[in-house]
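Heads up, the thing below is written out as structure tokens.
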Amino acid sequence: MIGLGSDHNGFPLKQELLSFLEERGEEVRDFGTSSEAPVDYPDIAASLAEAIRDGLIERGVLVCGTGLGMAIAANKIPGVYAAPVTNVYTARKARESNNAQVITLGAQLVDVPLAFAIVEAWLQAEFQGGRSSRKVAKIRCLEARYSGSAVTAGLMGGRPC
Ligand code: RB5
């Protein structure tokens with residue numbers, strides 16, 4: 001299941017992505033917004049990111065004007081890794097190297113065909129593991145260190161975070 005969310009600036013592009021993903025055969029959950037009336041992007045980012053944290057959806061795409069606010073907000077939810085992407089290369093690497101479950105798009109930066117290409121590339125990419133695993137584990141260690149979490153066992157292959 002893929003989640004989609006946007007603020008008012010991202011709403012038209014989010015609607016295009018909804019049709020694109022459904023036509024691709026994906027199961028999609030729409031986290032809003034549902035019009036171009038102003039909403040605060042952290043509210044939408046939090047709803048989608050919390051659904052990832054809770055295991056209700058596996059991946060998500062968030063759209064605002066720049067993609068930046070959505071990424072900053074989604075990354076505050078523990079266990080959620082959101083990457084702002086602007087082209088196909090960064091979309092692919094967000095998954096292959098960074099294991100990001102969420103990408104964020106800026107509707108003021110990408111047009112509809114580019115957004116479709118970005119999402120397609122990201123959906124087809126898989127985390128490559130290998131040397132990237134250690135780096136992603138270190139990101140989880142940072143999160144644990146600053147959230148006061150004691151759940152660090154196993155992150156670094158038995159070594160302390
Ligand atoms: C509007 O709230 C604007 O700040 C938003 O769409 C986004 O660009 C934030 O990063």
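The values are calculated or read from the model by the stated rules, or taken from the named source; none is laboratory data. No experiment lies behind these values; they were computed from the predicted model shown. So basically every Cβ, Gly included, is an ideal-geometry build from the backbone, and we count neighbours across all protein chains shown.
Set side by side, the residues ARG95, ARG145, ARG134 differ, and just one is charged (D, E, K, R), part of a helix (DSSP H, G or I) and surrounded by 18 or more Cβ atoms within 10 Å (Cβ to Cβ), which is ARG95.
Looking only at residues of segment 31-53 that are assigned to a helix (DSSP H, G or I) and within 12 Å of the ligand (Cβ to nearest atom), we find that the one that is surrounded by the fewest Cβ atoms within 10 Å (Cβ to Cβ) is ASP43. For segment 77-101, a residue qualifies if it is over 12 Å from the mean Cα position of the chain (by Cα) and of a type outside the set (Gly, Ala, Ser), and the qualifying residues are PRO78, THR86, ASN87, VAL88, TYR89, THR90, ARG92, LYS93, GLU96. Listed conditions (1) touching a Gly at 6+ places or on another chain (Cβ under 9 Å); (2) outside any helix (DSSP H, G or I); (3) more than 16 Å from the ligand (Cβ to nearest atom) are all met by THR86, apart from (3). A count restricted to segment 1-28 and to residues that are under 19 Å from GLU120 (Cβ atoms) and either more than 16 Å from the ligand (Cβ to nearest atom) or without any contact (Cβ under 8 Å) to a residue 40 or more places away in the chain (or both) stands at 16.
None of ALA121, ALA71 is at pLDDT 95 or above and under 11 Å from the mean Cα position of the chain (by Cα) except ALA71. For ALA117, which of the numbered conditions (1) closer than 21 Å to VAL28 by Cβ; (2) buried (at least 17 other Cβ atoms within 10 Å of the Cβ) fails to hold? All conditions are met except number (2). The condition of being closer than 19 Å to PHE11 by Cβ and touching a strand residue (DSSP E or B) at 6+ places or on another chain (Cβ under 7 Å) holds for only one of PRO113, PRO84, that being PRO84. The single condition among (1) surrounded by fewer than 23 Cβ atoms within 10 Å (Cβ to Cβ); (2) away from the ligand (no atom under 12 Å from the Cβ); (3) assigned to a helix (DSSP H, G or I) that LEU56 does not meet is (3).
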